[in-house]
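Undergrad: I'd like to ask you about the structure that follows.
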Amino acid sequence: MAILVTGGAGYIGSHTCVELLNQNYDVVVIDNLCNSSAEALRRVQELTGKALSFYEGDVRDEALLTKIFEGNAIDCVIHFAGLKAVGESVFQPWRYYDNNLNATLVLTKVMERFGVKKLIFSSSATVYTADNEMPLKETSRTGGCTNPYGWTKYMTEQILSGLCTADKTWGAVLLRYFNPIGAHASGRIGEDPRGIPNNLMPFIAQVAVGRREKLSVFGNDYDTHDGTGVRDYIHVVDLAKGHVAAVRYAAAHTGCEAFNLGTGIGYSVLDIVSTFQKVNGIPVPYEITARRPGDIAVCYASPDKSREVLGWQAEKTLEDMCRDTWNWQKHNPQGYGE
Ligand code: NAD
Ligand code: UDP
């Protein structure tokens, strides 16, 4: 069975390619490398001892997609390709809507033409409104996004839902990720953000390796056990395995279904800092600063539906996430740049 992985050279995509190859799927990747490196795909093949096919190009390029579908008997598509920096999306809304929405529109148009109607989409917990009760269930309220990036996820969910309503032979799985962190246990692939990291764990890793002086903890006056923000961090390898489960589910189902991919456990910023320091024996200097605009106090998933319907649940601990992040960072201090 052949899976087309858009954005397969990226952080989550590369880890998912490893899990797919380990499960003996044929893997075809399209990525324009706008936020990634071909070196990640070289290492995926080295880790698994298996080859994949790589097409460098843009998902919005209909001619290239046509060529890929003509040349490969694709059964299912996992669609990671997209721009993902929340702050940047506020200043470059057109670029985000163009890239993220048009990629999905062109992709599904070509899929339809080739009769491939199984799609797994990288959605996000950001589609949930801020006023929901925790834990977030797939039936919790969505919409009310606070930035263009979030809207692209929300709108793509609407597009795929509409496709499945109009044509009952379509199947779309919307995977709502919580906070992916960690790296493959080998330390060969991991997250390699360009510029100053926006997210907590890559920032901590760069402080630990000496690339940044200290972490800013954005607020310690939230209504949480230590006053810092609480999130549901999930190991990227668990997340990748969730995609394999979704491919199996999609093969047997039509219609549009959303699933949370999280652990169901919330950890605070200071929980992450102290666990990282403890398991790796390395200091992470930090200072408390003002809250970051747009942040909420607490966000964590109910993973029940994924466990019951997909037969998937996260297995790795916060210690694993911190250890594997550091193992990747210390062996690749400049990411794939070295
Ligand atoms: P990433 O930036 O590492 O991977 C995305 C990949 O898509 C990159 O390799 C990039 O080069 C490629 N890409 C972007 N636009 C493209 C286009 N038009 N054509 C071809 N390739 C293109 O990001 P990631 O963390 O691996 O995230 C993967 C997906 O998951 C994204 O859609 C992201 O929005 C979503 N997501 C990520 C998180 C997170 O915290 N990492 C959380 C929720 C959802
Ligand atoms: N955070 C922080 N310092 C940073 C980056 C993030 O204190 O440099 C906090 C942030 O306020 C939130 C948590 O860490 O409470 C997770 O933030 P991240 O940006 O990683 O994910 P998201 O906001 O998307 O949940």
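Undergrad: So is Gly162 surrounded by fewer than 15 Cβ atoms within 10 Å (Cβ to Cβ), free of Cβ contacts under 8 Å to residues at least 40 places away in the same chain and under 25 Å from Val77 (Cα atoms) or not?
TA: Taking the combined requirement at face value, the residue satisfies it.
Undergrad: Here is a further query. Within the group Ala125, Ala103, which residue is over 24 Å from Ala301 (Cα atoms), small (Gly, Ala, Ser) and either within 16 Å of ligand 2 (Cβ to nearest atom) or crowded, with 18+ Cβ neighbours inside 10 Å (or both)? Spell out the reasoning first.
TA: Numbers: Ala125 fails: over 24 Å from Ala301 (Cα atoms).
The conditions single out Ala103.
Undergrad: Consider segment 8-35. How many of its residues are outside any helix (DSSP H, G or I), touching a residue at least 60 places away in the same chain (Cβ under 8 Å) and within 19 Å of Leu107 (Cβ to Cβ)?
TA: Count: 4.
Undergrad: May I pose another question? What about Arg231, is it in contact with a strand residue (DSSP E or B) (Cβ under 8 Å, 6 or more places away or on another chain) and touching a residue at least 24 places away in the same chain (Cβ under 8 Å)?
TA: Taking the combined requirement at face value, the residue satisfies it.
Undergrad: Any idea how many residues of segment 41-96 are in a loop (DSSP other than H, G, I, E, B) and without any contact (Cβ under 8 Å) to a residue 60 or more places away in the chain?
TA: Number satisfying all stated conditions: 10.
Undergrad: Would you mind finding the one in Ile272, Ile288, Ile265 that is in a loop (DSSP other than H, G, I, E, B), over 30 Å from Leu163 (Cβ atoms) and of a type in the set (A, V, I, L, M)?
TA: Values: Ile272 fails: in a loop (DSSP other than H, G, I, E, B); Ile288 fails: in a loop (DSSP other than H, G, I, E, B).
Every option except Ile265 fails the conditions.
Undergrad: Could you grab me the full set of residues in segment 291-313 that are closer than 25 Å to Cys145 by Cβ and part of a loop (DSSP other than H, G, I, E, B)?
TA: Arg291, Arg292, Pro293, Gly294, Asp295, Ile296, Ala297, Tyr300, Ser302, Pro303
Undergrad: May I ask you to say which residue of Gln334, Gln277, Gln329 is out of contact with any Cys (no Cβ under 7 Å at 6 or more places or on another chain) and farther than 18 Å from Tyr11 by Cα? Reasoning before the result, please.
TA: On the way: Gln334 fails: farther than 18 Å from Tyr11 by Cα; Gln329 fails: farther than 18 Å from Tyr11 by Cα.
Residue meeting the stated conditions: Gln277.
Undergrad: Among the candidates His235, His243, single out the residue that is in contact with a Ser or Thr (Cβ under 9 Å, 6 or more places away or on another chain), within 17 Å of Met321 (Cα to Cα) and within 16 Å of ligand 1 (Cβ to nearest atom). I'd like the intermediate steps shown before the answer.
TA: Numbers: His243 fails: within 17 Å of Met321 (Cα to Cα).
It is His235.
Undergrad: Out of (1) out of contact with any strand residue (DSSP E or B) (no Cβ under 9 Å at 6 or more places or on another chain); (2) part of a loop (DSSP other than H, G, I, E, B), what's the single condition that is false for Lys330?
TA: Unmet for Lys330, out of (1) out of contact with any strand residue (DSSP E or B) (no Cβ under 9 Å at 6 or more places or on another chain); (2) part of a loop (DSSP other than H, G, I, E, B): (2).
Undergrad: From the residues in segment 9-27 that are of a type outside the set (S, T, N, Q), farther than 16 Å from Arg194 by Cα and over 11 Å from the mean Cα position of the chain (by Cα), which one is farthest from ligand 2 (Cβ to nearest atom)? Spell out the reasoning first.
TA: Of all residues in segment 9-27, those of a type outside the set (S, T, N, Q) come to 9-13, 15, 17-21, 25-27.
From what's left, farther than 16 Å from Arg194 by Cα: 13, 15, 17-21, 25-27.
With over 11 Å from the mean Cα position of the chain (by Cα) added as a condition, the list becomes 17-21, 25-27.
Values: Cys17: 23, Val18: 23, Glu19: 23, Leu20: 26, Leu21: 28, Tyr25: 30, Asp26: 33, Val27: 28 Å.
Going through the qualifying residues, I end up with Asp26.
Undergrad: So, one more: Among the residues of segment 196-229, what is the count of those that are within 16 Å of Glu287 (Cβ to Cβ), near ligand 2 (Cβ under 8 Å from one of its atoms) and among the polar types (S, T, N, Q)?
TA: Going through segment 196-229 one residue at a time, the tally reaches 2.
Undergrad: Which condition number does Val273 fail, the rest of (1) closer than 27 Å to Gly87 by Cα; (2) within 16 Å of ligand 1 (Cβ to nearest atom) being met?
TA: That leaves (2) as the condition not met.
Conditions (1) at pLDDT 95 or above; (2) in a helix (DSSP H, G or I); (3) out of contact with any Lys or Arg (no Cβ under 9 Å at 6 or more places or on another chain); (4) surrounded by 19 or more Cβ atoms within 10 Å (Cβ to Cβ), marked per residue:
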{"site": "Ala240", "(1), (2), (3), (4)": "yes, yes, yes, yes"}
{"site": "Val247", "(1), (2), (3), (4)": "yes, yes, no, yes"}
{"site": "Lys278", "(1), (2), (3), (4)": "yes, yes, yes, no"}
{"site": "Pro283", "(1), (2), (3), (4)": "yes, no, yes, no"}
{"site": "Asp320", "(1), (2), (3), (4)": "yes, yes, yes, no"}
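Undergrad: Separate question: Quickly run through segment 247-270 and pick out the residues that are within 16 Å of ligand 1 (Cβ to nearest atom) and touching a Gly at 6+ places or on another chain (Cβ under 9 Å).
TA: Phe259, Leu261, Val269 - these are the residues of segment 247-270 that are within 16 Å of ligand 1 (Cβ to nearest atom) and touching a Gly at 6+ places or on another chain (Cβ under 9 Å).
Undergrad: Here's something else I'd like to know. Just wondering, is there one or more residues in segment 184-201 that are part of a helix (DSSP H, G or I) and closer than 29 Å to Thr108 by Cα?
TA: Within segment 184-201, not a single residue is part of a helix (DSSP H, G or I) and closer than 29 Å to Thr108 by Cα.
Undergrad: Would you pick out the residues in segment 97-115 that are outside any helix (DSSP H, G or I) and either within 15 Å of ligand 1 (Cβ to nearest atom) or in contact with a Cys (Cβ under 7 Å, 6 or more places away or on another chain) (or both)?
TA: none
The values are calculated or read from the model by the stated rules, or taken from the named source; none is laboratory data. In this text, all values refer to a predicted model and were calculated from it rather than measured experimentally. Heads up, the Cβs are rebuilt from the backbone with ideal geometry, glycines too, and the neighbour counts pull from every protein chain shown.
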